[in-house]
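Report on one structure; see the data block that follows.
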Amino acid sequence: MGLTQQLESPDPRDREAAARQAGSVVWDPDTETALAAALTRAACAEEDPAALAAQLEALPAVEAALSDADLERLCRLREPPDVLGRLLARAGRLQIAAPARPSGAATLTEVRCLRGAPRTGQGLRTPDGAWVVLERIEFQGRAVSRVDTGRTARVLLSGPGARGLGEWDRLDADPRAREYVRMLRAPDPRTRDLAAAQACDWPGSWDPETGRLLCAALARAARAETDPAALESELNALLQLGAFLAPPALALLRTLDRTALPPLLRPYLDDLLLR
């Protein structure tokens, strides 16, 4: 029985075991997409607490493959645990839905959530790349901690990008990690090289879950890499992000044939496998 079928098993212990296995491996892109959809379906239908916890804990392992429809379904879960709340915040996208107006040092406006569930205190980027911070969210006249997909809310924004916002502008949760994961799958090795280099520019800027997401994508890219320059960038990025290396990414790196690597790159792999 495959994992996607096991996630639909009538036995909750089977569903729990399948979710734990799904979260413990770095998958190829097609399998990752199938598991992301299957875990979303399972979590939204789950009644067993242990199985549900395992399914939600596995979602960050397939985060890059979650579709907008998957994210919208996950938003409907009542009182999601923090692991899911952080995932939905990282995917957040808002659209300005009314003219913005100054409110003291901040800016007051209405937004519609297009994806994920941004939270109060979260930083978002404007179309020009400037930062804004969600200082306050009001939904139906009361303060709330987040705004879910499809909802419109009044928000108070601060930060350098808040004053220049226009109606219909979009605000995105830090899009870099998702973009780097996409670039690491590009057919052009120069794009993969650039993604790896940029992913490790500021290693201290990533939260642990985003760091693990990037390490999984880098390990998967390195495992399939045919271009020496791109491979060097990917292995170097993994070294720079070493604090986030988790067992699934290390397991994938152990499948690399050291003898097939260019001699200059073998020390990179040796250093990684010592962790």
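The values are calculated or read from the model by the stated rules, or taken from the named source; none is laboratory data. Remember, it's a predicted structure, so these values are computed and weren't measured experimentally. Using ideal geometry, Cβ is built from the backbone for each residue, glycine included, and neighbour counts are taken over all protein chains shown. Heavy atoms of the whole protein, side chains included, go into the accessibility calculation; ligands, DNA and RNA do not. Shrake-Rupley method; radii C 1.70, N 1.55, O 1.52, S 1.80 Å.
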Looking only at the stretch 76-93, decide whether some residue is farther than 23 Å from Ala37 by Cβ and in a strand (DSSP E or B). no
When you scan the stretch 107-165 for strands (runs of 3 or more DSSP E) that lie fully inside it, which ones turn up with 1 or more residues that are of a type in the set (Phe, Trp, Tyr) and closer than 23 Å to Glu179 by Cβ? 131-139
Would you mind stating whether Asp172 is under 21 Å from Pro60 (Cα atoms) and either part of a loop (DSSP other than H, G, I, E, B) or touching a Ser or Thr at 6+ places or on another chain (Cβ under 9 Å) (or both)? yes
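Residue-wise test of (1) free of Cβ contacts under 8 Å to residues at least 24 places away in the same chain; (2) of a type in the set (Val, Ile, Thr); (3) open to solvent by 60 Å² or more (accessible area, probe 1.4 Å).
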{"position": "Gln5", "(1), (2), (3)": "yes, no, yes"}
{"position": "Ser9", "(1), (2), (3)": "yes, no, no"}
{"position": "Glu16", "(1), (2), (3)": "no, no, no"}
{"position": "Gly23", "(1), (2), (3)": "no, no, no"}
{"position": "Val26", "(1), (2), (3)": "no, yes, no"}
{"position": "Thr33", "(1), (2), (3)": "no, yes, yes"}
{"position": "Arg41", "(1), (2), (3)": "no, no, yes"}
{"position": "Ala51", "(1), (2), (3)": "no, no, no"}
Is it the case that the stretch 176-183 has a residue that's surrounded by fewer than 17 Cβ atoms within 10 Å (Cβ to Cβ) and either without any contact (Cβ under 8 Å) to a residue 40 or more places away in the chain or part of a helix (DSSP H, G or I) (or both)? yes
Based on what the data block shows, is Leu59 under 23 Å from Trp27 (Cα atoms), open to solvent by less than 20 Å² (accessible area, probe 1.4 Å), touching a Cys at 6+ places or on another chain (Cβ under 7 Å) and of a type outside the set (Ser, Thr, Tyr)? no
Any chance the stretch 170-187 includes a residue that's within 25 Å of Leu134 (Cα to Cα), basic (Lys, Arg) and touching an Asp or Glu at 6+ places or on another chain (Cβ under 6 Å)? no
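Where in the stretch 204-275 are there helices (runs of 4 or more DSSP H), lying wholly inside it, with at least 2 residues that are of a type in the set (A, V, I, L, M, F, W, C), farther than 20 Å from Pro60 by Cβ and open to solvent by 10 Å² or more (accessible area, probe 1.4 Å)? Outline the logic, then answer.
Values: elements: 208-224, 228-240, 247-253, 266-273.
The helices (runs of 4 or more DSSP H) meeting that bar are 228-240.
Within the stretch 100-147, can you find the residues that are polar (S, T, N, Q) and in contact with a Gly (Cβ under 6 Å, 6 or more places away or on another chain)? Don't jump to the end; show me each part of the working.
In the first step, residues of the stretch 100-147 are kept if they are polar (S, T, N, Q); the result is 103, 107, 109, 120, 122, 126, 140, 145.
Correct list: Thr126 only.
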